[in-house]
Amino acid sequence: MNLSPTRTLIALATYNERDNLAPLVQAIRTQVPTADVLVLDDNSPDGTGAAADALVQQDANIHVIHRTGKLGLGTAILALMRFAIEERYDLLLTMDADFSHHPRYLPDILKGMDHADVMIGSRYVPGGGVENWPWSRRMMSRWTGRLSRFLLGLAARDTSGNYRCYRVSLLRRANLDNLLSHGYSFQQEVLHRCCLAGAKLGETPIIFADRKAGKSKANLKEIVRSLATLLRLGWRAHFHGSSMMPHPEVTGAAQARQAA
(Lines give C-alpha, C1' and ligand atoms only; values in the text may rest on other atoms or scores of the structure.)
Protein backbone atom coordinates (compact mmCIF):
# COMPACT_ATOMS: atom_id res chain seq x y z
CA MET A 1 0.00 0.00 0.00
CA ASN A 2 1.29 3.47 -0.96
CA LEU A 3 1.04 5.69 2.11
CA SER A 4 2.98 8.64 0.66
CA PRO A 5 1.04 11.94 0.71
CA THR A 6 -0.52 13.18 -2.51
CA ARG A 7 1.52 15.97 -4.06
CA THR A 8 -0.85 18.62 -5.38
CA LEU A 9 0.01 21.65 -7.51
CA ILE A 10 -2.47 24.51 -7.90
CA ALA A 11 -1.51 26.54 -10.95
CA LEU A 12 -2.41 30.04 -12.13
CA ALA A 13 -1.70 31.53 -15.55
CA THR A 14 -1.57 35.31 -15.09
CA TYR A 15 -1.59 38.45 -17.19
CA ASN A 16 -2.22 41.78 -15.45
CA GLU A 17 -3.53 40.23 -12.22
CA ARG A 18 -1.39 42.13 -9.69
CA ASP A 19 -4.36 43.26 -7.58
CA ASN A 20 -5.84 39.77 -7.42
CA LEU A 21 -2.73 37.66 -6.98
CA ALA A 22 -1.78 38.02 -3.31
CA PRO A 23 -5.33 37.67 -1.88
CA LEU A 24 -6.02 34.76 -4.21
CA VAL A 25 -2.88 32.87 -3.21
CA GLN A 26 -3.66 33.51 0.45
CA ALA A 27 -7.18 32.10 -0.02
CA ILE A 28 -5.78 29.05 -1.84
CA ARG A 29 -3.28 28.37 0.93
CA THR A 30 -6.08 28.67 3.49
CA GLN A 31 -8.25 26.10 1.70
CA VAL A 32 -5.47 23.66 0.77
CA PRO A 33 -2.46 24.40 2.98
CA THR A 34 -0.53 21.30 1.86
CA ALA A 35 -0.63 22.17 -1.86
CA ASP A 36 2.10 23.95 -3.80
CA VAL A 37 1.15 26.99 -5.88
CA LEU A 38 2.60 27.78 -9.30
CA VAL A 39 2.21 31.18 -10.98
CA LEU A 40 3.03 31.44 -14.68
CA ASP A 41 3.17 35.08 -15.75
CA ASP A 42 3.35 36.34 -19.33
CA ASN A 43 5.44 39.45 -18.60
CA SER A 44 2.45 41.42 -17.31
CA PRO A 45 3.03 45.16 -17.71
CA ASP A 46 1.21 45.85 -14.42
CA GLY A 47 3.91 44.10 -12.35
CA THR A 48 2.16 40.78 -11.67
CA GLY A 49 5.46 38.94 -12.15
CA ALA A 50 7.21 41.03 -9.50
CA ALA A 51 4.27 40.49 -7.13
CA ALA A 52 4.61 36.74 -7.68
CA ASP A 53 8.33 36.88 -6.92
CA ALA A 54 7.55 38.68 -3.67
CA LEU A 55 5.22 35.84 -2.65
CA VAL A 56 7.99 33.31 -3.26
CA GLN A 57 10.14 35.12 -0.71
CA GLN A 58 7.41 34.57 1.89
CA ASP A 59 6.50 30.95 1.08
CA ALA A 60 8.83 28.25 -0.24
CA ASN A 61 5.86 26.28 -1.59
CA ILE A 62 5.08 28.97 -4.15
CA HIS A 63 6.83 28.78 -7.54
CA VAL A 64 6.94 31.22 -10.47
CA ILE A 65 7.56 30.83 -14.18
CA HIS A 66 8.22 34.01 -16.17
CA ARG A 67 7.59 34.05 -19.91
CA THR A 68 8.72 36.77 -22.29
CA GLY A 69 5.29 37.87 -23.47
CA LYS A 70 1.61 37.07 -23.88
CA LEU A 71 1.75 33.71 -25.63
CA GLY A 72 -1.84 32.52 -25.21
CA LEU A 73 -3.86 30.64 -22.63
CA GLY A 74 -3.38 27.25 -24.28
CA THR A 75 0.41 27.42 -24.30
CA ALA A 76 0.33 28.65 -20.69
CA ILE A 77 -1.74 25.71 -19.47
CA LEU A 78 0.42 23.30 -21.47
CA ALA A 79 3.50 24.75 -19.73
CA LEU A 80 1.79 24.23 -16.35
CA MET A 81 1.08 20.62 -17.28
CA ARG A 82 4.66 20.01 -18.31
CA PHE A 83 5.92 21.51 -15.05
CA ALA A 84 3.63 19.19 -13.06
CA ILE A 85 4.84 16.18 -15.06
CA GLU A 86 8.54 17.07 -14.77
CA GLU A 87 8.31 17.79 -11.05
CA ARG A 88 6.40 14.55 -10.45
CA TYR A 89 3.25 15.93 -8.86
CA ASP A 90 0.26 13.63 -8.44
CA LEU A 91 -2.48 16.18 -9.11
CA LEU A 92 -2.55 19.42 -11.08
CA LEU A 93 -5.38 21.87 -10.45
CA THR A 94 -5.76 24.85 -12.78
CA MET A 95 -7.92 27.89 -12.08
CA ASP A 96 -8.34 31.47 -13.24
CA ALA A 97 -6.46 34.17 -11.35
CA ASP A 98 -9.28 36.73 -11.14
CA PHE A 99 -11.49 35.20 -8.37
CA SER A 100 -14.07 34.05 -10.93
CA HIS A 101 -13.05 30.60 -9.69
CA HIS A 102 -13.45 30.92 -5.94
CA PRO A 103 -11.00 28.94 -3.79
CA ARG A 104 -13.86 27.73 -1.54
CA TYR A 105 -14.55 25.05 -4.17
CA LEU A 106 -11.04 23.61 -4.04
CA PRO A 107 -11.78 20.93 -1.40
CA ASP A 108 -14.78 19.61 -3.37
CA ILE A 109 -12.81 19.44 -6.61
CA LEU A 110 -9.91 17.64 -4.95
CA LYS A 111 -12.26 15.24 -3.16
CA GLY A 112 -13.76 14.36 -6.52
CA MET A 113 -10.40 12.99 -7.62
CA ASP A 114 -11.14 9.95 -5.43
CA HIS A 115 -13.27 8.68 -8.33
CA ALA A 116 -12.12 10.66 -11.40
CA ASP A 117 -9.05 11.36 -13.53
CA VAL A 118 -10.23 14.85 -14.49
CA MET A 119 -12.53 16.73 -12.12
CA ILE A 120 -14.29 19.81 -13.49
CA GLY A 121 -15.61 22.72 -11.48
CA SER A 122 -18.84 22.92 -13.45
CA ARG A 123 -21.22 25.81 -14.06
CA TYR A 124 -23.75 23.59 -15.79
CA VAL A 125 -24.58 20.78 -13.38
CA PRO A 126 -27.27 21.12 -10.68
CA GLY A 127 -26.08 23.61 -8.08
CA GLY A 128 -23.76 25.39 -10.49
CA GLY A 129 -24.26 28.71 -12.25
CA VAL A 130 -22.83 32.03 -13.36
CA GLU A 131 -23.11 35.56 -11.98
CA ASN A 132 -22.73 38.94 -13.70
CA TRP A 133 -22.57 37.53 -17.23
CA PRO A 134 -24.47 39.13 -20.12
CA TRP A 135 -26.99 36.97 -21.97
CA SER A 136 -24.74 36.81 -25.06
CA ARG A 137 -21.83 35.34 -23.13
CA ARG A 138 -24.06 32.79 -21.40
CA MET A 139 -25.40 31.61 -24.75
CA MET A 140 -21.93 31.44 -26.29
CA SER A 141 -20.66 29.31 -23.41
CA ARG A 142 -23.60 26.91 -23.55
CA TRP A 143 -23.44 26.51 -27.33
CA THR A 144 -19.70 25.88 -27.12
CA GLY A 145 -20.45 23.05 -24.70
CA ARG A 146 -23.09 21.59 -27.00
CA LEU A 147 -20.71 21.73 -29.97
CA SER A 148 -17.99 20.03 -27.93
CA ARG A 149 -20.27 17.20 -26.93
CA PHE A 150 -21.52 16.77 -30.51
CA LEU A 151 -18.20 17.09 -32.33
CA LEU A 152 -15.85 15.47 -29.81
CA GLY A 153 -18.18 13.25 -27.80
CA LEU A 154 -17.19 14.81 -24.49
CA ALA A 155 -19.25 13.44 -21.60
CA ALA A 156 -19.25 16.65 -19.56
CA ARG A 157 -21.65 19.57 -19.24
CA ASP A 158 -18.94 22.22 -18.78
CA THR A 159 -16.18 21.76 -21.36
CA SER A 160 -14.80 25.29 -21.59
CA GLY A 161 -13.92 26.19 -18.01
CA ASN A 162 -10.40 26.27 -16.60
CA TYR A 163 -11.32 25.19 -13.05
CA ARG A 164 -10.12 21.59 -13.32
CA CYS A 165 -8.01 19.01 -11.58
CA TYR A 166 -6.00 16.51 -13.62
CA ARG A 167 -4.34 13.30 -12.53
CA VAL A 168 -0.76 13.90 -13.63
CA SER A 169 -0.19 10.23 -14.49
CA LEU A 170 -2.98 10.66 -17.05
CA LEU A 171 -1.33 13.77 -18.53
CA ARG A 172 1.90 11.80 -18.77
CA ARG A 173 0.16 9.13 -20.88
CA ALA A 174 -1.95 11.48 -22.99
CA ASN A 175 -0.74 12.80 -26.32
CA LEU A 176 -0.36 16.55 -25.77
CA ASP A 177 1.70 17.06 -28.94
CA ASN A 178 0.57 18.91 -32.07
CA LEU A 179 -2.36 20.68 -30.44
CA LEU A 180 -4.36 22.92 -32.75
CA SER A 181 -5.57 25.25 -30.01
CA HIS A 182 -3.71 28.13 -28.43
CA GLY A 183 -6.65 30.10 -27.00
CA TYR A 184 -9.91 29.24 -25.26
CA SER A 185 -10.63 26.15 -27.41
CA PHE A 186 -7.60 24.56 -25.76
CA GLN A 187 -9.91 23.53 -22.93
CA GLN A 188 -12.00 21.32 -25.19
CA GLU A 189 -9.03 19.92 -27.07
CA VAL A 190 -7.08 18.88 -23.99
CA LEU A 191 -10.21 17.35 -22.46
CA HIS A 192 -10.67 15.35 -25.67
CA ARG A 193 -7.04 14.15 -25.51
CA CYS A 194 -7.54 13.09 -21.89
CA CYS A 195 -10.64 11.10 -22.86
CA LEU A 196 -8.72 9.36 -25.65
CA ALA A 197 -6.22 8.35 -22.95
CA GLY A 198 -9.00 6.66 -20.98
CA ALA A 199 -9.85 9.44 -18.51
CA LYS A 200 -12.90 9.22 -16.29
CA LEU A 201 -14.47 12.67 -16.04
CA GLY A 202 -16.27 14.10 -13.02
CA GLU A 203 -18.04 17.39 -12.37
CA THR A 204 -18.84 19.26 -9.17
CA PRO A 205 -20.94 22.45 -9.08
CA ILE A 206 -19.41 25.91 -8.82
CA ILE A 207 -20.80 29.42 -9.09
CA PHE A 208 -18.72 31.31 -11.61
CA ALA A 209 -18.65 34.99 -10.64
CA ASP A 210 -17.26 37.47 -13.16
CA ARG A 211 -13.86 38.83 -12.27
CA LYS A 212 -13.30 40.73 -9.03
CA ALA A 213 -10.74 43.22 -10.36
CA GLY A 214 -9.12 44.09 -13.67
CA LYS A 215 -10.34 43.56 -17.23
CA SER A 216 -11.53 40.38 -18.91
CA LYS A 217 -9.19 38.81 -21.48
CA ALA A 218 -12.13 37.51 -23.55
CA ASN A 219 -12.98 39.34 -26.76
CA LEU A 220 -15.09 38.66 -29.83
CA LYS A 221 -12.11 37.94 -32.07
CA GLU A 222 -10.78 35.28 -29.70
CA ILE A 223 -14.23 33.72 -29.29
CA VAL A 224 -14.72 33.46 -33.07
CA ARG A 225 -11.22 32.02 -33.50
CA SER A 226 -11.90 29.43 -30.80
CA LEU A 227 -15.19 28.35 -32.37
CA ALA A 228 -13.44 27.93 -35.73
CA THR A 229 -10.75 25.83 -34.07
CA LEU A 230 -13.42 23.70 -32.40
CA LEU A 231 -14.90 22.92 -35.82
CA ARG A 232 -11.45 21.93 -37.07
CA LEU A 233 -11.02 19.69 -34.03
CA GLY A 234 -14.29 17.96 -34.79
CA TRP A 235 -13.22 17.40 -38.38
CA ARG A 236 -9.84 16.04 -37.32
CA ALA A 237 -11.37 13.79 -34.66
CA HIS A 238 -13.63 12.16 -37.25
CA PHE A 239 -11.21 11.88 -40.17
CA HIS A 240 -7.71 12.00 -38.67
CA GLY A 241 -8.24 10.50 -35.23
CA SER A 242 -4.92 8.63 -35.18
CA SER A 243 -2.99 11.91 -34.84
CA MET A 244 -4.62 12.52 -31.47
CA MET A 245 -4.34 9.02 -30.05
CA PRO A 246 -2.56 8.60 -26.70
CA HIS A 247 0.98 7.37 -26.40
CA PRO A 248 1.25 3.57 -26.80
CA GLU A 249 1.52 2.79 -23.09
CA VAL A 250 -1.99 4.10 -22.49
CA THR A 251 -3.64 1.09 -24.11
CA GLY A 252 -2.91 -1.32 -21.29
CA ALA A 253 -3.94 1.22 -18.66
CA ALA A 254 -7.26 1.90 -20.33
CA GLN A 255 -7.96 -1.81 -20.72
CA ALA A 256 -7.10 -2.43 -17.08
CA ARG A 257 -9.50 0.35 -16.03
CA GLN A 258 -12.29 -1.16 -18.10
CA ALA A 259 -11.63 -4.63 -16.72
CA ALA A 260 -11.83 -3.28 -13.17
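The values are calculated or read from the model by the stated rules, or taken from the named source; none is laboratory data. Source: prediction; values computed, not measured. Glycine gets a Cβ as well: all are built from the backbone with ideal geometry, and neighbour counts include every protein chain shown. To get the accessible areas, we keep the full protein, side chains included, count just its heavy atoms, and leave off ligands, DNA and RNA. Shrake-Rupley method; radii C 1.70, N 1.55, O 1.52, S 1.80 Å.
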Positive-end residue, the stretch 52-122 charge dipole about Cα centroid, Cβ charges, pick of N61, F99, L71: L71
Three principal axis lengths of the stretch 1-136 [C-alpha, angstrom, descending]: 45, 43, 27
Within the accessible area of the stretch 70-123 (1.4 Å probe), percent carbon and sulfur: 49
Estimated distance in nm for a label pair at A22 and W135, the labels positioned 7 Å out from Cα along Cα-to-Cβ: 4.2
Check: the stretch 18-87 dipole with +1 on Lys, Arg Cβ and -1 on Asp, Glu Cβ, in debye: 120
Relative contact order of the stretch 16-72, pairs being alpha-carbon contacts under 8 Å that are 6 or more residues apart, as %: 41
Heavy-atom surface of the stretch 124-196, accessible at 1.4 Å and reported per residue (Å²): 43
